[in-house]
1. Which order do VAL7, VAL96 take when ranked by solvent-accessible area (1.4 Å probe, heavy atoms of all protein chains), largest first?
2. Specify the residue with the greatest mean-square fluctuation among PRO55, PRO71, PRO85, computed from a Gaussian network of the chain linking alpha-carbon atoms under 10 Å apart.
3. Would you work out what percent of the accessible area of the stretch 50-98, with all protein chains in place, is carbon or sulfur (probe 1.4 Å)?
4. Evaluate the distance, in nm, between pseudo-label points positioned 7 Å from the Cα of ASP57 and of SER35 along their respective Cα→Cβ axes.
5. From the helices alone, meaning DSSP H stretches of at least four residues, give me the mean residue ellipticity at 222 nm for the chain, per-run term -39500 (n - 2.57), in deg cm²/dmol to the nearest 500.
6. Over the chain, average the accessible area per residue using a 1.4 Å probe and give it in Å², no decimals.
7. Kirkwood hydrodynamic radius (Cα pairs, Å) of the stretch 50-98?
8. Check the cysteines of the chain one by one and keep only those with no other cysteine Cβ under 4.7 Å from their own.
Amino acid sequence: AKCQCKVVPRERTNCGYPGISAAECKKIGCCFNASVASVPWCYSPKPKKVKKVCPNDPYSRINCGYPGIKPRECTKKGCCFRAHPAGVPWCFYHRVMEE
């Protein structure tokens, strides 16, 4: 993603080798920007931003508790709690989504 390559020149971490081409740099998953001299032109992207969400589909829930777990105990474990529908876990794990 383009936004992952918005790294201040002085904070760039070298990701290639001297003289690497833009195409070769991108091929190995790095960012390339040759606009500033004396800093790495091929550099590591920023880590992806992720957020935890409670999945909407009740049938894709992965159980995080036990039958009869109380909402507070479930959230204390860092999980999602929704007391519906029947037949699926009510206490379940988050999904990690890219922002």
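The values are calculated or read from the model by the stated rules, or taken from the named source; none is laboratory data. These numbers come from a predicted model, not from an experiment. Positions of Cβ are generated from backbone atoms using ideal geometry, with glycine treated the same way; all protein chains shown enter the neighbour counts. Surface accessibility is based on the protein's heavy atoms, side chains included, excluding ligands, DNA and RNA. Shrake-Rupley method; radii C 1.70, N 1.55, O 1.52, S 1.80 Å.
1. From most accessible down to least: VAL96, VAL7.
2. Result for the chain, Cα springs under 10 Å: PRO85 fluctuates most.
3. C and S atoms contribute 57 percent here.
4. Distance between label points: 4.1 nm.
5. Per the formula, -2500 deg cm²/dmol.
6. 73
7. Result for the stretch 50-98, one decimal place: 10.8 Å.
8. When partners are defined as cysteine Cβ atoms under 4.7 Å apart, the chain leaves CYS3 without one.
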